[in-house]
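What follows is a set of notes on a single structure, which appears directly below.
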Amino acid sequence: MSDAAALAAPTTTSPVSRLLGAAARQRELSLLLVLGLMAILVAIRAPQVLSASNLTDVSVLAAIIAIAAVGEAMVVITRNVDLSVEAVIGLVAFTVAAALSNHLLSTQAAWAFGIGLGLVLGMINGIVVAVFRVPSIVATLGTLSVYRGIDFLLAGGKQVTLTELPPGYTNAARATLVGIPIFVLIAVAIVAVCALVLRQTRFGRSVYAVGSNPEAAEILGIRTALVTFVVFSVSGLLSGEAGVLWGILFGTINATAATGVTLQVVAAVVVGGVNIFGGSGTVVGAALGALFLGFISNALILVRLSQFWLQALYGVVILIAVALDAFLLRRFQRSATARRRR
Amino acid sequence: MNGRARRWVASLGRWEVLLLAVLIALVVYGTTVSPVFLTGRNFANAISAVIEVAIMSLPMALIIIAGEIDLSVESMVGLSASILGYLYAAGVPIELAIVVVLIVGALGGLLNGFLVTRIGLPSLVVTLGTPALYRGLALVVLESRGISQFPEWFTGFGFGTVPGLPIPWPFVVYLALAFVLAVLLHGTWVGREIYAIGKNQAAARFSGVRVARIKLWLFVLSGTVAALAGVILTARMASARADVGTGLTLVVVTIVLLGGVDIFGGRGTIPGVVLAFLTLAVLGNALRLTNVSSDIQSIVVGLLLIVSVVIPTLARRAKGAYDRAQGGRRLPTGSVGGPGEMASP
């Protein structure tokens, strides 16, 4: 079927096809364009979208999702998925808040503790997937339930409220540096470091190699199990950081914190152009995906569309992004075949 | 060892036999911790607590044997309950509403199957997106309302038992479905083709198996049965809300894998899945009777899920190492698709 289609499809030179191909290759750029276009459309109906305070609100929450999405992107590039991020964020947010409210840790130590806890949880995921060879979807579905269960066990029915936290601790959520929220700067720094590592280092290239062809990578001498273990650990670490920030942003934390966030994180990664089959995509794209989704949900609220539509919308956005990827990939391969034939 | 003795020993190592041993041990344990454990009423309670999950685990077993997965079932339960509640509250007779809901379930499954078989997306990704869609639609339909005051016969179906027997009506539905699917899987050409797809999809296609069509029907079946589970859950709870069923997918997949179905497809049996359901039901019941908090149960289910995949993998590796030590043929030791005897049908 693909042969016949390749012969019958000399559309490789049509402008539409070329545009689609370019969009596929430059996902980051096209996301920015769509984002800009949407901003204009929404601003016409609800000008308060572009107010400084609203932009801060959107970007601060999006920054947290983006940090988790960077870790998730690295996992997805290796042809795995980490469904436990929301449980890691929730567990870290609660334990950090509980430790602070009981004066067990200083604020700096609490940050380190949260990130360290995330790292440990991520390493557990990594061991289950890389050493015991449990498919990542099953492994992280299991640890999602285990981590959330521990969260419930620790929290009971209790919650830590804003007033129990050290004074000034939650100020970081509103703090800015040269007009940019600190959270956004943290996210940008994390994205920059991870992008550099993925692009410039031997480890970064091996992450892509493992995702595009695990067997070939193994033959080339890449230790695929080690790479898999490391990306899950990094995902845990970044989810830990996201958990600490989550606690600062919301202040009041109970055992159900961050429920449903995995969906947003995976959506951000997929919308950001990371191939769900592994092997391609960038962390910059994933971060932009997080910003894009954050902006959509904010715009929905501002144009007074029911909050109930939000989840359905996330589902549709994921499906469209993934279907588009598969479509473009097939198209690209087809045109490559056609070119070779000519 | 002679052939017969060897086979007998090998059958002891079968996953189903191990499960049965665990189940018996749990029953003995339950009897010692609580005097009410072995009563008919408690049996009905134990079964009812996880009956929706059990029903959904049957088509899920077929889907996983065929090498796919359906993570959208819990959201379909929510959508089904919401539409049922919405229609009933709007004055539609409950019988008609049930029919509509089952059709919606089939359509939802059709969408999953279409995206997997026609667009060529991995089921994992599709059923990461469609649950958000279905749950979202459930929220749109019912918002934060709760619908109750369903007809008495309907709720009676949910928590009533067969007259004179400690068997809940939904369990009868479960047994009927288990019987039909066991015959389909283990006794017909369709079943052989499902195994063939899961073992080697390309080889199956070249042998004339209509892979896409079978997978499509499996997803439709899964969606319809998930909608049925939503109806049963509504009847049992005597109320409908948009957020019902949250977290059930995890338990469904756990039952299937605990039942000895290989997560990589191609291997597993319906009797194994039935035994896994009974084991989980008895375990949950025993934990409840000993006043263990439900948080521990969620941890136990999560661990069980991981362990039930780890054990066959380790066994396979051990067998590979053993075979090599015997100086026999070199067998691949990798876990993916490696030869194993743990749960071969």
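Go through segment B:57-67 residue by residue and tally those that are over 17 Å from B:A106 (Cβ atoms) and crowded, with 24+ Cβ neighbours inside 10 Å. Write out each step before concluding.
At the first step, the residues of segment B:57-67 found to be over 17 Å from B:A106 (Cβ atoms) are B:57, B:61, B:64-67.
Now restrict to residues that are crowded, with 24+ Cβ neighbours inside 10 Å: B:57, B:61, B:64-66.
Result for segment B:57-67: 5.
Among (1) surrounded by 14 or more Cβ atoms within 10 Å (Cβ to Cβ); (2) more than 14 Å from chain A (Cβ to nearest Cβ), where does B:G164 come up short?
Status for B:G164: all satisfied but (1).
Check A:N254 against each of (1) closer than 26 Å to A:L29 by Cα; (2) of a type outside the set (D, E, K, R); (3) within 14 Å of chain B (Cβ to nearest Cβ) and name the one condition it does not meet.
(1)
Under 6 Å between Cβ atoms, which residue pairs at least 6 apart in sequence (or on different chains) link something in segment A:85-103 that is among the aromatic types (F, W, Y) with a partner that is surrounded by 24 or more Cβ atoms within 10 Å (Cβ to Cβ)?
Close Cβ pairs satisfying both conditions: A:F94/A:D151; A:F94/A:I253.
Would you list the helices (runs of 4 or more DSSP H) that sit entirely within segment B:66-177 and hold 1 or more residues that are within 22 Å of the chain's Cα centre (by Cα) and within 21 Å of B:I194 (Cβ to Cβ)? Full working, then the answer.
Details: elements: B:73-89, B:94-117, B:123-142, B:152-159.
So the answer is B:73-89, B:94-117, B:123-142.
Which fully enclosed helices (runs of 4 or more DSSP H) of segment A:105-213 have 3 or more residues being over 30 Å from B:L248 (Cβ atoms) and over 19 Å from the mean Cα position of the chain (by Cα)? Can you show your working first?
Working: elements: A:107-126, A:136-155, A:182-200, A:202-212.
It comes to A:107-126, A:202-212.
Okay, residues lined up against (1) touching a residue at least 12 places away in the same chain (Cβ under 8 Å); (2) crowded, with 23+ Cβ neighbours inside 10 Å:
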| position | (1), (2) |
| --- | --- |
| A:L119 | yes, no |
| A:I127 | yes, no |
| A:R133 | no, no |
| A:I137 | yes, no |
| A:G142 | yes, yes |
| A:Y147 | yes, yes |
| A:D151 | yes, yes |
| A:T161 | yes, no |
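Please verify whether segment B:288-296 includes one or more residues that are away from every other protein chain (no Cβ under 14 Å) and not polar (S, T, N, Q).
Initial filter on segment B:288-296 (away from every other protein chain (no Cβ under 14 Å)): B:288-291.
Adding the requirement that they be not polar (S, T, N, Q) leaves B:288-289.
The answer is yes, given that some residue of segment B:288-296 is away from every other protein chain (no Cβ under 14 Å) and not polar (S, T, N, Q).
Please enumerate the residues belonging to segment A:177-222 that are in contact (Cβ under 8 Å) with a residue 40 or more places away in the chain and among the hydroxyl-bearing types (S, T, Y).
Those that are in contact (Cβ under 8 Å) with a residue 40 or more places away in the chain and among the hydroxyl-bearing types (S, T, Y): A:Y208, A:S212.
Among residues belonging to segment B:1-39 that are among the hydroxyl-bearing types (S, T, Y) and outside any helix (DSSP H, G or I), point out the one that is modelled with the highest pLDDT. Break it down into steps so the answer makes sense when it comes.
Going through segment B:1-39, the residues among the hydroxyl-bearing types (S, T, Y) turn out to be B:11, B:29, B:31-32, B:34, B:39.
Those still in the list that are outside any helix (DSSP H, G or I) too: B:34, B:39.
Numbers: B:S34: 83, B:T39: 86.
Residue satisfying both the conditions and the ranking: B:T39.
Given the criterion crowded, with 24+ Cβ neighbours inside 10 Å, over 21 Å from the mean Cα position of the chain (by Cα), away from chain B (no Cβ under 14 Å) and among the aliphatic types (A, V, I, L, M), identify the matching residue among A:A97, A:A93, A:A69, A:A73.
Values: A:A93 fails: over 21 Å from the mean Cα position of the chain (by Cα); A:A69 fails: over 21 Å from the mean Cα position of the chain (by Cα); A:A73 fails: over 21 Å from the mean Cα position of the chain (by Cα).
Going through A:A97, A:A93, A:A69, A:A73 in turn, the sole match is A:A97.
Which residues, counting only those in segment A:209-252, are modelled with pLDDT under 95 and either in contact with a His (Cβ under 9 Å, 6 or more places away or on another chain) or charged (D, E, K, R) (or both)?
Those that are modelled with pLDDT under 95 and either in contact with a His (Cβ under 9 Å, 6 or more places away or on another chain) or charged (D, E, K, R) (or both): A:E215, A:E218, A:R223.
From the list B:V309, B:V261, B:V282, B:V253, exactly one residue is closer than 26 Å to B:L79 by Cα, surrounded by 21 or more Cβ atoms within 10 Å (Cβ to Cβ) and either of a type in the set (A, V, I, L, M) or modelled with pLDDT under 90 (or both). Which is it? Lay out the reasoning, then the answer.
Details: B:V309 fails: closer than 26 Å to B:L79 by Cα; B:V261 fails: closer than 26 Å to B:L79 by Cα; B:V282 fails: closer than 26 Å to B:L79 by Cα.
Checking each option against the conditions leaves just B:V253.
Would you check if A:S280 is small (G, A, S), within 26 Å of B:P131 (Cα to Cα) and more than 14 Å from chain B (Cβ to nearest Cβ)?
yes
Listed residues B:V73, B:V92, B:V99, B:V126; which is more than 12 Å from chain A (Cβ to nearest Cβ), over 20 Å from A:W309 (Cβ atoms), among the hydrophobic types (A, V, I, L, M, F, W, C) and crowded, with 24+ Cβ neighbours inside 10 Å? Talk me through it step by step, then tell me what you get.
Values: B:V92 fails: crowded, with 24+ Cβ neighbours inside 10 Å; B:V99 fails: crowded, with 24+ Cβ neighbours inside 10 Å; B:V126 fails: more than 12 Å from chain A (Cβ to nearest Cβ).
Only one candidate passes the filter, namely B:V73.
B:L107 - would you say it is away from chain A (no Cβ under 14 Å) and under 25 Å from A:A326 (Cα atoms)? Give the derivation first.
Values: away from chain A (no Cβ under 14 Å): yes; under 25 Å from A:A326 (Cα atoms): yes.
Spelling it out, B:L107 is indeed away from chain A (no Cβ under 14 Å) and under 25 Å from A:A326 (Cα atoms).
Among the residues of segment A:107-145, what is the count of those that are within 14 Å of another protein chain (Cβ to nearest Cβ) and on the phi < 0 side of the Ramachandran plot? Spell out the reasoning first.
To start, the set of residues in segment A:107-145 that are within 14 Å of another protein chain (Cβ to nearest Cβ) comprises A:121, A:124-145.
So of that shortlist, the ones also on the phi < 0 side of the Ramachandran plot come out as A:121, A:124-132, A:134-145.
The total comes to 22.
B:L221 - would you say it is over 26 Å from B:P312 (Cβ atoms) and either assigned to a helix (DSSP H, G or I) or β-branched (V, I, T) (or both)?
On the way: over 26 Å from B:P312 (Cβ atoms): no; either assigned to a helix (DSSP H, G or I) or β-branched (V, I, T) (or both): yes.
Judged against the criteria, B:L221 is not a match.
Could you please find all residues in segment B:297-323 being more than 10 Å from chain A (Cβ to nearest Cβ) and basic (K, R)?
Selection gives B:K319 alone.
The values are calculated or read from the model by the stated rules, or taken from the named source; none is laboratory data. Values in this document were obtained by computation on a predicted structure and should not be read as measured data. Here the Cβ is made from the backbone with ideal geometry for all residues, glycine too, and neighbour counts use every protein chain on show.
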